[in-house]
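The values are calculated or read from the model by the stated rules, or taken from the named source; none is laboratory data. Predicted model, so just to flag it, every value in this text is computed and none were measured. For neighbour counting, all protein chains shown are included, and Cβ atoms are generated from backbone atoms with ideal geometry for every residue, glycine included. Only protein heavy atoms, including side chains, enter the accessible area calculation; ligands, DNA and RNA are left aside. Shrake-Rupley method; radii C 1.70, N 1.55, O 1.52, S 1.80 Å.
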Amino acid sequence: MPINIICFGDSITEAAEFPYEQRWPTLLQAQLDALWPDGFMVLNRGVGGNTSAQGFDRFALDVLPFLPGILLLEFGLNDANVRDWARVPRVGVDEFRKNLREFQRLALHHGGQCVFVINHLLGDVVGQQGNNAGFRDNLAPYNAALRELAVTLNTPYIDLPSLMISQNIDTDAMLAADQLHLSAEGNRHYADMILAGLRSTVLAVTG
């Protein structure tokens, strides 16, 4: 039986603006098939616009049936978003931590393994948010929370910003015109980095 890799996140994971074969979870599946034929099944469970709280509400349908497996968590961009008409983020960083802790606990409880994904570097997203800060500034505490949780919970994580820097990946090529979502090239880079992160952590044992 193949090992499930559940890609659980928001629009970055869903990649709905691209054909199925160009989305990074599909590309990841092809790379895994080349290395371990029939060894893994990659499941795309991203939903555009979702926060970790909304992910929590669909966890029972989108994740639990596929455990045990590897739960790849990619949230934070929507949690950190401050609407134009608001002064607080959609999901506060404390609630974000609570949700990620619970996702990790549930994965382990059902015999799986959790891997946190630190969100990729953003470009110059146009405009100020409702709290008069830029998108990158609002996201920073959430990426920091992910790193802290990974250490505290002794959970593997994939640090996309560090990988982008070490591999000299150009954000202009990586990102779409909005400087936040991925371009087609960005999906290819994302699949490469996720695979590298998995191979250096959980697949070093599982594969």
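The charge dipole of the chain, taken about its Cα centre with unit charges on the Cβ atoms of Lys, Arg (+1), Asp and Glu (-1) only, comes to about 580 debye. By the Kirkwood approach, averaging reciprocal distances over each pair of separate Cα atoms, the stretch 135-207 gets a hydrodynamic radius of 13.5 Å.
Counting only DSSP H runs of at least 4 residues, each contributing -39500 (n - 2.57), and dividing by the residue count of the chain, the helix-based mean residue ellipticity at 222 nm comes to -13500 deg cm²/dmol.
For the stretch 19-68, what percent of Cα pairs sit more than 15 Å apart? For the stretch 19-68, the fraction of Cα-Cα distances above 15 Å is 56 percent.
The translational diffusion coefficient of the stretch 5-112, from Stokes-Einstein at 10 °C and 1.306 mPa s with a Kirkwood hydrodynamic radius over alpha carbon pairs, comes to 108 µm²/s. Using only alpha carbon pairs under 8 Å that are at least six residues apart, calculate the relative contact order of the chain and give it in whole percent. So the answer I get is 22 percent. Each of 158, 168, 179 was placed along the dipole of the stretch 135-207 (beta-carbon charges, centred on the mean Cα), and the one lying farthest toward the positive end is 158. Computed over the chain with a Gaussian network model linking Cα atoms closer than 10 Å, the most mobile of 115, 63, 151 is 151. Close amide-amide hydrogen proximity is noted between residue 3 and 40, 41, each under 5 Å apart and 5 or more residues distant or on a separate chain (H modeled in the peptide plane; Pro and chain starts excluded). Figure note: 33, 94 ranked by solvent-accessible area, largest first, 1.4 Å probe, ligands and nucleic acids not counted: 94, 33. Relative contact order, whole percent, for the stretch 122-199 stands at 31, derived from Cα pairs under 8 Å and 6 or more residues apart.
About its Cα centre, the stretch 132-198 has a charge dipole of approximately 160 debye under the convention of +1 per Lys or Arg Cβ and -1 per Asp or Glu Cβ, with nothing else charged. Comparing 86, 113, 72 along the charge dipole axis of the chain, the residue lying farthest to the positive side is 113, per the Cβ-charge model.
Taking 0.36 nm per residue of sequence separation and removing the Cα-Cα distance, the residue 204/residue 184 pair yields an extension gain of 4.4 nm.
When the P(r) is computed for the stretch 55-207, the part past 17 Å accounts for 64% of the Cα-Cα pairs.
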